[in-house]
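*Asks:* Quick one: the structure is below, questions incoming.
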Amino acid sequence: MDRKEFLESIAMAAGVGIVLSFLQSCKAVAYIPHVIEGEKIVVKKSDLAEHPYVVIQPAGLPAPVYLCRLENGEYSALLLQCTHRGCELRPVGRELHCPCHGSVFDKTGEVLESPAELPLRRFSVLSDDQNIYIF
Ligand code: FES
C-alpha cells in the first residue's frame, strides 16, 4: 500500500465512523407513556422491552427522564438535565450528550467528558412483574 492508498483508507474509515455516529444520533428516541401514582412515575415494563432505553416526560420536572435497563438487571433513571449549566441532554446510543458545551454522561449518570463535573440526578427505581416505579 502506497502513501496515497493509505491516506484514502484512513479517510474512508473516518467517513464510515462519521456516518455511523450520525446514524446513531438520528435514531428515534422512544418516548413512552406514564402515570403518576402519588410521588412515583409508573411505566409499564412491556413499554421498555423493545428499546435499549426510553424517555419519559413527566410534568413538573425541569427535563425528561431517561430510563434504561442495566446489565445487572437493575434500572437506571436519570434526569436529562446537564449538571454544567442545565441544558437538556440527548441520548446517543448508550451515552447522554449535552448539545451546549459537549459534556457526555454514561447510562448511570457518571460524567465521561467535561465541562460538567457532577453526575446527573438519579432517581430511585423499583419494579414488580408489570411496572417500573421511579421516584
Ligand atoms: S450545559 Fe451541558 S456542558 Fe454546559
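*Asks:* Based on other C-beta atoms within 10 Å, arrange GLU95, GLU74 from fewest to most.
*Replies:* On the way: GLU95 15, GLU74 10.
Placing the least packed residue first, the sequence is GLU74, GLU95.
*Asks:* Turning to a different aspect of this structure: Residues with beta-carbon under 10 Å from that of TYR53, excluding TYR53: net charge, scoring Lys, Arg +1 and Asp, Glu -1? List each step's numbers first, then the result.
*Replies:* Numbers: positive: ARG69, ARG94, LYS107; negative: none.
Summing Lys and Arg as +1 and Asp and Glu as -1 gives +3.
*Asks:* I need the per residue convex hull volume for region 31-134, using only the alpha carbons, in cubic angstrom as a whole number. Kindly include the intermediate steps, with their values, before the conclusion.
*Replies:* On the way: hull volume 10.0 nm³, N = 104.
Once divided by residue count, the hull of region 31-134 is 96 Å³.
*Asks:* Here is a further query. Report, in debye and to the nearest 20, how large the dipole of region 56-135 comes out about its Cα centre when Lys and Arg carry +1 and Asp and Glu carry -1 on their Cβ. Don't jump to the answer; show the numbers that get you there.
*Replies:* Details: 7 positive and 10 negative charges, 50 e Å.
That gives a dipole near 240 debye.
Bear in mind that the values in this text are calculations on the coordinates, not laboratory data. On a predicted model such as this, the values are computed, not experimentally measured, just so you know. Glycine also receives a Cβ, built like all others from the backbone with ideal geometry; neighbour counts cover every protein chain displayed.
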